[in-house]
Amino acid sequence: MCDSVYSQQSEAVVICNQHLVDNKYLLRLQVEDIALKAEPGHFVHLNCHPSLTLPRPFSIMDSDPGLGTIDIFYQVVGDGTEYMRGWQAGHRTTMLGPLGRPFRRPESGRKALLIAGGIGYAPLDFFARRLKIWGFDATLLLGLEAAPPFALIASSREVGPEMVVDPLALARLEQLDIPSRVASLEPKPGFFQGYVSTLAKEILLDMSTTVLNKTDIYLCGPTPMMQAAARVAKEFNLGGQASLEEHMACGFGGCAGCVAPIKEPEDAGGWNYRRVCTEGPVFPLDAVLWDKL
Ligand SMILES: Cc1cc2nc3c(=O)[nH]c(=O)nc-3n(C[C@H](O)[C@H](O)[C@H](O)COP(=O)(O)OP(=O)(O)OC[C@H]3O[C@@H](n4cnc5c(N)ncnc54)[C@H](O)[C@@H]3O)c2cc1C
Ligand code: FES
């Protein structure tokens, strides 16, 4: 099993590895076979360095099937991402992907409120742009602990040619007619001060009943942020989907190292631990047992 899965590894070449702000980077990789199949919500299991036994999972933030590239928005938190930080154009690595089950297309006429926390922005930015292509109304809210010094106000048109794109430049979404709003715990003019779940609640309270009844919630971010946003969704009786981030080992369903508590379908009742790498990472919002995560 393991041998056959690992023989499916794709070769990837770094096109650029752009430092954005603080410990956050944007990595663009040439990896044609993954770029062709990538959908919002998919992730890759990336080999960061030969000294590390396990690959590391990262959401695909964008793919260009024509150019054969994918983008990964990552933050440096440990050994693997520390190695990634040092990658230069031309560096070669391997990865498995695209993995997992992506976001499902909503029923026609639905509206999407996407709520991201920090690096959880990556799959939701991809999904917001896909929803727009499909003809859905989408609004994206981003929660940050601290307001970054520049990134959120720079539009991708304003940045220099060395920068591929600034994923935190929500102006890019605005240009696509995807309204967005940032919540920051640190006060900053133009930002909502507080938790993104609180901002979401204020926005939902302002909606007419007709719009509210058509709205679905989409989540990705740190568990406490998603738990808070899921409570808000429940308060308003809204469904949707959530992309979970569990620690992963194999990445292809072989080790049960990534399980999350998920409700069984109505007819079966109860709940069970489900593998986030193969049965997720995207689950129906109301299937996740948020208080058991
Ligand atoms: C489906 C999925 C998609 C992800 N997408 C992204 C992404 O787009 N960008 C990004 O920067 N990160 C993403 N992550 C998290 C990323 O995988 C971890 O940050 C990375 O594995 C850390 O590797 P490391 O060797 O640098 O740190 P490690 O030394 O492995 O860990 C450093 C610290 O990070 C914590 N950590 C490691 N993995 C996770 C995890 N899965 N969830 C929560 N905490 C973790 C550890 O507990 C430790 O405290 C994703 C995780 C999953 C499961
Ligand atoms: S990481 Fe091994 S089963 Fe999910």
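The figures follow:
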| read-out | value |
| --- | --- |
| Positive-end extreme of charge dipole, the chain - chosen from 236, 270, 249 (charges on Cβ) | 236 |
| 103, 236, 43 arranged by Cβ crowding within 10 Å, fewest neighbours leading | 236, 103, 43 |
| As computed over the range 2-99, the Cα convex hull volume per residue (Å³) | 92 |
| For residue 271, distant residues with modelled amide H under 5 Å away | 264 |
| Computed Rg/Rh of the range 67-149, alpha carbon atoms with Kirkwood Rh | 1.03 |
| Cα pair distances of the chain binned at 5 Å [whole percent] | 1, 5, 12, 16, 19, 17, 14, 9, 4, 1, 0, 0 |
| Karplus (6.51, -1.76, 1.60) ³J(HN,Hα), θ = phi - 60°, over the range 62-68, in Hz, Gly and Pro reported as x | 6, 9, 10, x, x, 7, x |
| Interchain or long-range residues, amide H under 5 Å from residue 62's placed H | 71 |
| Bins of 5 Å from zero: percent of alpha-carbon pairs in the range 244-293 | 5, 24, 32, 21, 14, 4, 0 |
| Computed magnitude of the charge dipole of the chain (debye, nearest 20; Cβ of K, R +1, Cβ of D, E -1) | 260 |
| 5 angstrom amide H check on residue 216, placed H, neighbours 5+ away | 111, 112, 113 |
| Helical mean residue ellipticity (222 nm; -39500 (n - 2.57) per DSSP H run of 4+; nearest 500) of the chain | -6000 deg cm²/dmol |
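Bear in mind that the values in this text are calculations on the coordinates, not laboratory data. As the structure is a prediction and not an experimental result, all values here were calculated from the model. Reconstructed Cβ throughout: ideal geometry from the backbone, glycine too, with neighbour counts over all protein chains shown.
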